[in-house]
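Here the structure comes first, spelled out in structure tokens, and everything after it is commentary.
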Amino acid sequence: MFYREAGDFKTSYTEDNQTFPIKFDRYRYYAVLLVAFAVVPFIINDYWVNAVFLPFLIYAIAAIGLNILVGYCGQVSLGTGGFMAVGAYACYKLMTGFPEINIFFHIILSGGITAAVCVAFGLPSLRIKGFYLAVATLAAQFFLVWLFNKVSWFYNYSASGQINAPERTVFGVPVTGAEAAPWAAYLFCLVFTFISAIIARNTTRGMAGRKWMAIRDMDIAAEIIGVNPLKAKLSAFAVSGFFVGIAGALFFSVYLGAVEVGEVFGITKSFLVLFMIIIGGLGSIFGSFAGAAFLVLLPVLLKNLLVGTLGWPTDLAAHLEFMIVGALIVVFLVAEPHGLAQLWRVAKEKLRLWPFPH
Amino acid sequence: MKMKLMTVAVAAMMAAGPALADLTIVDTSYRTGPYAANGIPFSDGYQDYFTLLNERDGGIGGEMVNIVECETGYNTEKGVECYEATKGEGALVYQPLSTGITYQLIPKATSDGIPLHTMGYGRTSAKNGAVFKYVFNYPANYWDGASLAVTHILDQNGGDVNGKKIALVYHNSAYGKEPIRTLEELAKKHGFELSLLPVDHPGQEQKSQWLQIRREKPDYVLMWGWGVMNQVAIQEAVNIRFPMENFIGIWWSGSENDVKAAGDKANGYKALTFHNLGSDYPVYADIQKHVVDAGKAAGAGDQVGTVLYNRGMYAAMLAAEAIKTAQEMHGTAAITSAQMRDGMENLEMTEAKMAGIGLPGFGPEFKVSCENHGGNGFGAVSQWDAAAGEFKLITEYFQSDQDVIMPLVEEDSSAFAAENGIEAGC
């Protein structure tokens with residue numbers, strides 16, 4: 001009944017190649033966008049922004065970035081936290097060094113700087129694969145965190161080693177710092193998430209994405225049919241680093257406002273983003289969103305349910321939260337090893353036939 | 001998936017709703033994670049004191065206190081979530097018990113007009129109330145701690161530490177880095193040699209740091225540790241047979257949990273404190289009677305009288321006294337967070353006041369003012385007595401080196417004011 005092609009005629013290649021070729025799917029997508037851009041900003045408050053929407057949007061960008069590297073190009077990376085730190089510190093240095101330039105460009109530049117760093121740490125991928133590469137990127141994680149702790153130039157020689165985001169405005173509206181209105185911070189991140197998702201979606205279904213997937217599926221075969229592994233792998237590291245860097249910059253400047261590298265961008269962050277894409281679905285943009293939503297919203301939801309509604313002790317709730325989230329991850333992956341994205345795909349197939357399954 | 005989850009979340013939040021009471025105190029505790037061993041007793045003490053006031057006196061000034069607990073796990077992201085979730089309920093004051101979360105909350109709380117009390121932690125230069133209007137760190141701060149430790153070492157060496165080697169083992173975070181500036185200044189002033197040994201979160205791995213200490217043989221080791229890091233450091237010090245009386249921890253590295261694991265060998269370990277220890281005070285009888293025996297204790301009730309329980313209770317007592325001050329100033333029992341700020345800024349702790357609430361001589365006397373949000377920097381040194389199983393005060397309360405600290409506070413706070421466009425003034 002839903003998601004049917006019947007009666008949905010395409011008269012040009014552009015129409016045929018669009019991201020959502022099915023009319024129903026497309027309208028659903030427009031509806032989500034409309035709600036996200038035109039409804040949510042009016043009803044959002046501090047709590048929803050800081051506890052739910054900002055982390056969700058920012059982790060979604062990070063997950064998209066990592067998904068390009070791991071899901072599309074097949075290069076396992078455990079350095080996401082370190083690369084997010086590069087984005088955050090680049091953003092901090094740019095914000096304090098060039099206060100007259102708009103924060104929007106600082107964040108994009110931070111993404112560019114992270115891309116360069118990511119490429120440098122991606123060089124070993126040309127010789128090592130799989131678990132060995134994971135170890136090399138793990139080294140990046142520890143090295144980068146150590147670097148930002150050790151070299152005080154990165155935190156402008158402040159006594160505590162913390163970086164603090166000064167107030168910056170876009171069109172005269174503050175988006176960073178304590179005075180930022182919830183809707184402004186939300187819209188600022190939403191714009192980045194929206195653009196990142198569009199870029200990622202279109203890169204992955206274009207030539208670059210096909211090269212990455214060829215490398216992922218079998219690198220020797222890909223090389224034989226003419227894919228340059230050097231370019232393909234390093235471009236995946238660069239694009240991935242760009243998105244992860246943007247996520248790190250937003251995480252620091254808009255979401256947290258003050259960051260301590262060891263705590264915020266530690267190894268747990270790398271694993272968290274990796275879990276997001278595994279649960280969401282490797283090689284899927286929707287999966288990145290689904291995974292981020294799952295791991296950001298579920299703990300908040302459980303906490304509100306257990307402590308707020310049921311009035312349980314906070315420590316019991318915190319421990320149960322770990323157990324429930326862990327159990328759900330196992331259950332989801334047993335039920336559908338390809339993640340939430342595959343679940344969604346299957347659901348769509350079922351809906352097409354519903355209510356006449358034969 | 002996402003939408004469905006959110007619908008449920010909305011439903012859960014609606015059902016939760018704020019519990020309406022007049023004086024809301026938020027306890028951002030951590031009873032889970034690598035810092036739980038220290039977080040639990042503090043939180044128990046903090047909550048039990050307010051419960052005592054509710055049960056025994058019917059609240060403060062006739063208004064009941066509503067305690068809202070929120071678990072942060074010592075994690076800044078969860079700390080922010082807690083702050084945003086609870087500030088709408090009319091929270092009067094936040095006591096985050098985490099330097100990382102404090103740095104997050106300073107701009108947010110200032111903008112929302114809710115005072116922060118970072119007792120003995122947080123941003124040291126918040127002592128300058130002309131810049132940090134909503135942040136209080138009385139009665140002592142990290143720089144006082146650094147200076148107190150050095151003063152104690154000076155006392156032991158007859159006032160001369162020239163050429164001595166002092167090593168600082170610190171948690172590699174904003175918390176651990178705070179004292180470095182002051183120690184560097186003090187090293188210049190007194191001519192000792194300072195070496196820095198960072199330990200990364202959470203601090204279970206310290207072999208290399210203690211190997212270095214074994215090699216360099218510093219005369220004294222100072223420690224800025226928290227959570228599991230303290231236990232590991234003290235065990236390592238025992239392992240390399242470092243003389244425990246030359247090992248001095250900041251007040252956050254001096255609780256029973258930290259030393260007990262190392263057994264009898266930890267005997268003689270020293271730690272600073274800015275309040276008294278033990279449970280030999282009238283208020284404990286009341287806590288036992290009205291809170292623990294009545295089954296209303298926040299935790300298991302087994303922490304009463306431990307160092308960190310006392311500290312949590314001391315923090316609650318200072319908050320309650322500030323509430324009383326605010327109630328007198330504004331002539332209303334149901335105060336707001338802005339009035340609470342005034343109460344904190346005009347708080348005066350005297351001997352008579354402390355004796356009146358059943359805690360005679362429990363902490364130093366001090367008076368908060370707009371210029372000075374940090375007290376006078378008095379502290380004492382305590383020493384672990386393994387046989388008795390308790391920390392004992394071995395010095396009187398003495399003052400930190402204000403000549404060194406005040407210029408640093410001035411410098412750091414004016415840098416903050418310039419960075420954030422704050423106009424300093426009282």
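The values are calculated or read from the model by the stated rules, or taken from the named source; none is laboratory data. Keep in mind that this is a model prediction, so the values were computed, not measured. As a convention, Cβ positions derive from the backbone with ideal geometry for all residues, glycine included, and neighbour counts pool all protein chains shown.
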Considering only helices (runs of 4 or more DSSP H) wholly within segment B:211-314, the ones with at least 1 residues that are in contact (Cβ under 8 Å) with a residue 24 or more places away in the chain and closer than 24 Å to residue B:193 by Cα are B:228-239
I'm told residue B:261 meets every condition in (1) out of contact with any strand residue (DSSP E or B) (no Cβ under 9 Å at 6 or more places or on another chain); (2) not assigned by TED's automatic domain parsing to the domain that holds residue B:211 except one. Can you identify the failing condition by its number? (2)
Extreme residue, nearest to the other protein chains (Cβ to nearest Cβ), among residues of segment A:283-299 that are buried (at least 23 other Cβ atoms within 10 Å of the Cβ) and of a type in the set (A, V, I, L, M): A:293
Among the listed residues A:62, A:88, identify the single one that is of a type in the set (Gly, Ala, Ser), surrounded by 24 or more Cβ atoms within 10 Å (Cβ to Cβ), touching a strand residue (DSSP E or B) at 6+ places or on another chain (Cβ under 8 Å) and not in a loop (DSSP other than H, G, I, E, B). A:88
Please go through (1) surrounded by fewer than 21 Cβ atoms within 10 Å (Cβ to Cβ); (2) at pLDDT below 90; (3) within 30 Å of residue B:143 (Cα to Cα) for residue B:268 and return the number of the only condition it doesn't satisfy. (2)
Taking residue B:103, is it in contact with a Phe, Trp or Tyr (Cβ under 8 Å, 6 or more places away or on another chain), among the aromatic types (Phe, Trp, Tyr), in contact (Cβ under 8 Å) with a residue 12 or more places away in the chain and outside the structural domain of residue B:272 (by TED's automatic domain parsing)? no
Out of B:180, B:234, report the one residue that is within 21 Å of the chain's Cα centre (by Cα) and under 25 Å from residue B:41 (Cα atoms). B:234
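One line per residue, one yes/no per condition, for (1) within 14 Å of another protein chain (Cβ to nearest Cβ); (2) among the small types (Gly, Ala, Ser); (3) surrounded by fewer than 24 Cβ atoms within 10 Å (Cβ to Cβ):
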{"position": "B:118", "(1), (2), (3)": "yes, no, no"}
{"position": "B:145", "(1), (2), (3)": "no, yes, no"}
{"position": "B:158", "(1), (2), (3)": "no, yes, yes"}
{"position": "B:171", "(1), (2), (3)": "yes, no, no"}
{"position": "B:175", "(1), (2), (3)": "yes, no, no"}
{"position": "B:185", "(1), (2), (3)": "yes, no, yes"}
{"position": "B:198", "(1), (2), (3)": "yes, no, yes"}
Going residue by residue through segment A:164-174, is there one that turns out to be in contact with a Pro (Cβ under 7 Å, 6 or more places away or on another chain), within 14 Å of chain B (Cβ to nearest Cβ) and assigned to a helix (DSSP H, G or I)? no
Of the residues in segment B:75-103 that are over 23 Å from residue A:322 (Cβ atoms) and assigned to a helix (DSSP H, G or I), the one that is nearest to the other protein chains (Cβ to nearest Cβ) is B:103
When segment A:219-232 is checked residue by residue, the ones that are part of a loop (DSSP other than H, G, I, E, B) and loosely packed, with under 12 Cβ neighbours inside 10 Å are A:225, A:226
Residue tally, condition part of a loop (DSSP other than H, G, I, E, B), buried (at least 24 other Cβ atoms within 10 Å of the Cβ) and either over 19 Å from the mean Cα position of the chain (by Cα) or charged (D, E, K, R) (or both), over segment B:60-74: 0
What are the residues in segment B:108-124 that are farther than 16 Å from residue B:412 by Cβ, part of a helix (DSSP H, G or I) and of a type outside the set (A, V, I, L, M, F, W, C), if any? B:108, B:110, B:111, B:112
Taking the conditions exactly as written (surrounded by 12 or more Cβ atoms within 10 Å (Cβ to Cβ), more than 10 Å from every other protein chain (Cβ to nearest Cβ) and within 23 Å of the chain's Cα centre (by Cα)), does residue A:345 satisfy them or not? yes
If a residue must be part of a helix (DSSP H, G or I) and under 18 Å from residue A:91 (Cβ atoms), how many such residues does segment A:175-189 contain? 4
Within segment B:211-258, how many residues turn out to be more than 22 Å from residue B:146 (Cα to Cα) and either touching an Asp or Glu at 6+ places or on another chain (Cβ under 6 Å) or in the same structural domain as residue B:37 (by TED's automatic domain parsing) (or both)? 0
How about segment A:147-163: which of its residues are small (Gly, Ala, Ser), surrounded by 15 or more Cβ atoms within 10 Å (Cβ to Cβ) and part of a helix (DSSP H, G or I)? none
Among what's in segment B:133-143 and is in a loop (DSSP other than H, G, I, E, B) and touching a strand residue (DSSP E or B) at 6+ places or on another chain (Cβ under 9 Å), pick the residue that is surrounded by the most Cβ atoms within 10 Å (Cβ to Cβ). B:140
Out of B:353, B:392, B:324, I need the residue that is in contact (Cβ under 8 Å) with a residue 24 or more places away in the chain and assigned by TED's automatic domain parsing to the domain that holds residue B:246. Which one? B:392
Which of the following residues is more than 8 Å from chain B (Cβ to nearest Cβ) and either free of Cβ contacts under 8 Å to residues at least 40 places away in the same chain or under 20 Å from residue B:100 (Cα atoms) (or both): A:258, A:247, A:327, A:317? A:327
Working carefully through the options A:51, A:31, A:38, find the one that is of a type in the set (A, V, I, L, M), surrounded by 14 or more Cβ atoms within 10 Å (Cβ to Cβ) and part of a helix (DSSP H, G or I). A:51
Does segment A:41-60 hold any residues that are of a type in the set (Ser, Thr, Tyr) and touching a residue at least 60 places away in the same chain (Cβ under 8 Å), and which are they? A:59
